[in-house]
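J.: Dumping the structure here so I can ask a few things about it.
Just so it is clear, none of the values below were taken in a lab; they were calculated from the coordinates. What you see is a predicted model; the values in this text were computed from it and never measured. When we count neighbours, we look across all protein chains shown, and the Cβ atoms used for this are built from the backbone with ideal geometry, even at glycine.
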Amino acid sequence: MKNFGRHRLPAMYSGSRHPEGTRVSVREEGKPRLDLKVSRAEAFDWGYIGTAPRQLALAILSHAIPDRIAMKYYEDFCRDFVSQWADDGFVVTREEILEWFKLAWRKRHADA
């Protein structure tokens, strides 16, 4: 597994729902991103599979691993993680994401 440079720093991602909408945050130097994939999602969401959860999956995954790799795995991450999060909120660490990624990478390459 490659060393991901800045992506090695500890980070925690969390989301919550409020009357004014959803709030997603990263405790670290970066912020979730909307610039990697154009979608109709105007906000992040979770707890199901759809455009807004996929955008959240891509934003979080691209913060944890390099963009070009995140683009290949974000739909799997959405299915395995983001769509499973409870409606009222979530907390996930970079370490948990990297553990998932290692398993997903191995599975994808074992199936090839």
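J.: Filtering region 44-96 down to residues that are within 14 Å of THR22 (Cα to Cα) and among the charged types (D, E, K, R), which residue is surrounded by the most Cβ atoms within 10 Å (Cβ to Cβ)?
T.: Going through the qualifying residues, I end up with ASP45.
J.: If you scan region 62-98, which residues turn out to be of a type in the set (Gly, Ala, Ser) and under 9 Å from the mean Cα position of the chain (by Cα)? Explain how you work it out, then say what you get.
T.: Narrowing region 62-98 to residues of a type in the set (Gly, Ala, Ser): 62, 64, 70, 83, 86, 89.
Answer for region 62-98, where residues must be of a type in the set (Gly, Ala, Ser) and under 9 Å from the mean Cα position of the chain (by Cα): SER62, ALA64, ALA70.
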